[in-house]
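Take a look at the structure below.
The values are calculated or read from the model by the stated rules, or taken from the named source; none is laboratory data. It should be emphasised that the depicted structure is a prediction, and the values quoted were computed from it without experimental measurement. Methodologically, a virtual Cβ is constructed for each residue, glycine included, from the backbone with ideal geometry; neighbour enumeration extends over all protein chains shown. Heavy atoms of the whole protein, side chains included, go into the accessibility calculation; ligands, DNA and RNA do not. Shrake-Rupley method; radii C 1.70, N 1.55, O 1.52, S 1.80 Å.
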Amino acid sequence: AVAQAPLRVGASVRQMRAVLPLASLPRAASTISDLQLLGDDIAYFAAKRQTGVSLRTLTQTGRGELIHLAPQSDFPAVQRMLFQVAMFLHRELPVRLAHRVRDLDGIPRLNVLRSTREVREMYAKSFEEIRAAPTPSTPGREEAFAALLQNIYNRHSAVLLMMARAAFELRETLPNMPFHEQEEVHDFLDSFYMSRIGIRMLIGQYLQLREDTDEDYVGLVCQRTSPAEVAKAAMEDAKFMCARRYGDAPEVTLHGRLDLTFPYCPTHLHYILMELLKNSMRATVEFHGVDDMPAIRIVIADGEENEDVVVKVSDEGGGVPRSHMSRIWSYLFTTADPNVQQGAIGGSSDFDTGSPLAGLGYGLPISRAYARYFGGDLSIMSMEGYGTDAFVHLAALGTMTSPSHDGVGIVVFVGLLHLTR
């Protein structure tokens, strides 16, 4: 057992935390409330750096190629790999969750809204649960930790809709908000959503590694992701949503490198393409009517020397006015009918075909966040009176490290794995 220094009467929260783990503290501390202790713990972890993780590292770890960095033991290689990932998450997730709690507390105007406070409490609860969980260093503890993360993953599934509700409330209460304050809110939401993608990617990757049966997949990463096949699935989902709203949907044609495959996360690409197709279909129907709709074109480009895999979605839906181009990436701008938008924010989950065809106001900026998460990008070129071209750039090598969002640089995942020794 590790010797512990005695706590003096009146010891500070920081001293208490340094000596005892959160889970071991009595539920009724004599000189400080649990709430104060939790707040101090969150502040401590929010001061730590977050850890960036590359797509390649996620794949290498899931394959067991970095298992030599883990402690030697008699457990099977797969169990040792799961220990390795679980113990990284046990250390990393409290840091990421604490950053989000701190940021939600600090953003002016948004931080007083009920929806924002609900999200803040959700993140604080998840932080507390992970901090209270024992280190997942045995099969039983690792299994319990996985069950905990599954609950947290499910709990956070509606965060995008909840934050969209907060942005909607902000627009309703402050319709003439100064532009610089809009920029501050936008920058906050951009960082918040990017971090949320990272948290869900890490948890989802770990949970999927425990279930993997498909040889093409390492967790959530498909080694042979086909942009053409993903596009076909996104086309069907978008056409279903468009036909439900308007009674019909434009055709979509595929061109270019239809045989291309590369390592990527198909769920990310599916979301991006579905959002772009939703926008293109809505614009096409509203510009031409359902009786004379030109087809939407998807072009997949790649070459041996290309830096990126690029997917273009091209429509003839009338384009976007030049005065609106700077606002299409804003979470506070939407072209949706206000009644449709107000009805949509009552949903309980993210990203499904039950969503309205347009308008919580975050389809494009969230799609760009997904593209940028592993080093790609999303850009829009529009010709008013004719149509719009959207270009999805996906980093082909998968070596780009995901953003750490703390402004102080990136620590590589591999560099932390030795800490499990």
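A few points about this structure:
- Taking a sphere under 10 Å around the Cβ of A283 and counting the other residues whose Cβ falls inside, with K and R at +1 and D and E at -1, yields a net charge of -1.
- For the range 135-140, backbone phi angles converted through the Karplus equation (6.51, -1.76, 1.60; θ = phi - 60°) give residue-by-residue couplings of 4, x, 9, 10, x, x Hz, Gly and Pro being listed as x.
- The range 134-197 - Rg over Rh from alpha carbon coordinates, Kirkwood radius: 1.24
- Sorted peptide list for 55-64, 246-255, 38-47, criterion being average Cβ within 10 angstrom, highest first: 55-64, 38-47, 246-255
- A 1.4 Å probe, protein heavy atoms only, puts the accessible area of V320 near 40 Å².
- Centroid-to-centroid separation of the range 232-273 and the range 108-134 [C-alpha atoms, Å]: 35
- In the context of the full set of protein chains, residues of the range 209-310 present 48 Å² of accessible surface per residue (probe radius 1.4 Å, heavy atoms only).
- For G376, distant residues with modelled amide H under 5 Å away: A395
- Computed Kirkwood radius, in angstrom, where 1/r is averaged over Cα pairs of the range 106-214: 15.8
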